Amino acid sequence: MRKTLRPPAGVALVVSLALLFASPAPAAAAPGPLCYVRPGGPGPDGDSWATAYANPQDALADHSCTEIWVAGGTYLPDESDPGNQTLSFGLKTSVEIYGGFVGTESQRDQRNWLANQTILSGNIGAPGDNTDNSYHVVVGNAGPSSILDGFIIRDGYAHGLGGGHNLGGGILINSGSPTLRNLRIADNQGALGGGMYVGQGNPVLNQVIFIDNSADFAGGMYAQEGSSTLTDVTFDRNEATSALGGWGGGLAIATSTTSATLNNVTFSRNTAQGPGGGMYNGGNVLLTNVTFAFNESVSGGGAFHNLDSGATINHATFRDNDGLGDSLMLEAGAVTVTNSLFGITTAAHFNLTGRQPGCHRQPGAGGLPADRRLSLHQRNCRRHAAGRAAEQRRLHPDNAY
């Protein structure tokens, strides 16, 4: 019987598009497709830095804006209705939004999104109280021509009742395929997918950091349907916190109809109260050049837990992960691991097949049934002895974030 990854009762997975978030009233149309936003911008038309809009919501409401430049600063989504937790920055098809400007640039490549932090924040309520924050900072129900690039997305609180307000505190994608680049998704919370929730769609993520997000299940990112592509993405210090066995500290891929392609992705210091400290997979995934380091789970698969379907893992590093002694746990489905390195601590343990050091069967497991297949090319399963402190410095230099 095929197993599917499902949250417990009460965690909604189907979101009514009719309950999506109210948009601010349309602003005066800008003369051209390029619009500008800066803190305290006087308007009225967003046509230049001198007449910039004061909030990205104004530019998003201007139907003439197809490219939006946003200067460094902090912006809240509730401009039109202060304190309304259902308001979000809504991405739009064929609209590109870029952050990281000083407010004087004439060319996009003059910006520096790392130096000029442009923050989309859900902290709309009382300071120090996240329960009155926006349910979702960004809603990404837009096509592949939609781009969000150069922002910090933080302080979403998806623990609302009804309307999907318990999904995706940082970014909620009910049905969409936006391109998300150069983002730091941090300090968001939710019941499912603290940093990001993908209901349906094919989002493309490039140069994205998920850090310090938490959820009952899938602390960093959760994908329910569709196909997600992640390149140069980091999941760091995300948590799945449910005492009922919260799975997927960093990332969770849901069912056999869900797929994901990961290239140059790092999972580090993520934790789960259930299986899959780094990643929990119930779909079909291809992982290339990935690193799992210092992840932890309470019930197995400190780095990676495969619930069902299949995974192909090539050129991976597993180091210092801990999940009841298992770094990589196979519950069902087929997993292929090739050309990969395994560290000298608990990361060396598998709940899989084979008996050489670092690649051995779970004690007492006996013969594994046919649906627990593993193709582990043991001659390519090498061990390395880099020091823990040195490896932490490599993964997390002081200026990494």
Single match in ASP78, ASP149 (criterion: in a loop (DSSP other than H, G, I, E, B), under 24 Å from TRP49 (Cα atoms), modelled with pLDDT of 95 or more and in contact with a Leu (Cβ under 8 Å, 6 or more places away or on another chain)): ASP78
Tally of residues being closer than 20 Å to ILE185 by Cβ and among the aliphatic types (A, V, I, L, M) across region 57-94: 6
Region 161-187: number of residues that are touching a His at 6+ places or on another chain (Cβ under 9 Å), assigned to a loop (DSSP other than H, G, I, E, B) and at pLDDT 95 or above: 5
Which numbered condition SER134 misses (of (1) farther than 22 Å from ASN202 by Cα; (2) not in a loop (DSSP other than H, G, I, E, B)): (2)
Qualifying positions in region 263-282 - of a type outside the set (Gly, Ala, Ser), part of a strand (DSSP E or B) and surrounded by 23 or more Cβ atoms within 10 Å (Cβ to Cβ): VAL265, PHE267, THR271, MET279, TYR280, ASN281
Candidate set: region 114-131, residues that are more than 18 Å from the chain's Cα centre (by Cα) and closer than 25 Å to PRO203 by Cα; chosen: the one surrounded by the fewest Cβ atoms within 10 Å (Cβ to Cβ): LEU114
Options LEU328, LEU307, LEU324; residue that is of a type outside the set (Ser, Thr, Tyr) and surrounded by fewer than 24 Cβ atoms within 10 Å (Cβ to Cβ): LEU324
Complete set of residues in region 132-149 that are farther than 17 Å from LEU172 by Cα and either crowded, with 22+ Cβ neighbours inside 10 Å or under 21 Å from the mean Cα position of the chain (by Cα) (or both): SER145
Pair list, Cβ under 7 Å, 6 or more apart: region 290-302 residue closer than 12 Å to LEU330 by Cα, other residue outside any loop (DSSP other than H, G, I, E, B) and of a type outside the set (Gly, Ala, Ser): GLY300/MET329; GLY300/ASN351; GLY301/LEU328; GLY301/MET329; GLY302/GLU296; GLY302/ASP322; GLY302/THR346
Residues (surrounded by fewer than 24 Cβ atoms within 10 Å (Cβ to Cβ) and closer than 22 Å to THR257 by Cβ) located in region 211-229: GLU225, GLY226, SER227, THR229
Residues that are in a loop (DSSP other than H, G, I, E, B) and in contact (Cβ under 8 Å) with a residue 40 or more places away in the chain, drawn from region 116-130: ASN116, GLN117, GLY122, ASN123, ILE124, GLY125
Filter result for the condition that a residue is hydroxyl-bearing (Ser, Thr, Tyr), surrounded by fewer than 24 Cβ atoms within 10 Å (Cβ to Cβ) and modelled with pLDDT of 95 or more, over THR257, THR241: THR241
Region 104-115, subset of a type in the set (D, E, K, R) and part of a loop (DSSP other than H, G, I, E, B), residue nearest to ALA215 (Cα to Cα): ARG111
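The values are calculated or read from the model by the stated rules, or taken from the named source; none is laboratory data. In this text, all values refer to a predicted model and were calculated from it rather than measured experimentally. Cβ: placed from backbone, ideal geometry, glycine included. Neighbour counts: every protein chain shown.
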